[in-house]
């Protein structure tokens, strides 16, 4: 089982199996089961229980992977982890990007 972020009415959590995707927002309604809305919500779930619920999804709920608009793995990250040129790791808050780049002796791209 692989996870995906689906771009529909914002970002939704999806499950990928082979060449098919299960949109959990659609499956939640059809299965009558509460499912996590995104990857962050999934972190608090019992993954065995989650897998059992996903296994109950009938074939009609799965969509071809090629027809599903995929989004970023973590839609709204609050931090960005980057490897600096000298091999040090840097955690950058969105509000401090310019300051962090200057500290790492990097420049913002020209506009």
- Residue tally, condition part of a helix (DSSP H, G or I) and within 22 Å of residue 72 (Cβ to Cβ), over the range 26-54: 10
- Task: Taking the residues in the range 57-73 that are surrounded by fewer than 13 Cβ atoms within 10 Å (Cβ to Cβ) and either at positive phi or not in a helix (DSSP H, G or I) (or both) as candidates, determine which candidate is modelled with the lowest pLDDT.
- Result: 73
- Only one of 24, 35, 47, 42 is within 10 Å of residue 61 (Cβ to Cβ) and either surrounded by fewer than 17 Cβ atoms within 10 Å (Cβ to Cβ) or in contact (Cβ under 8 Å) with a residue 12 or more places away in the chain (or both), namely 24
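The values are calculated or read from the model by the stated rules, or taken from the named source; none is laboratory data. These figures come from a predicted structure and were not determined experimentally. Positions of Cβ are generated from backbone atoms using ideal geometry, with glycine treated the same way; all protein chains shown enter the neighbour counts.
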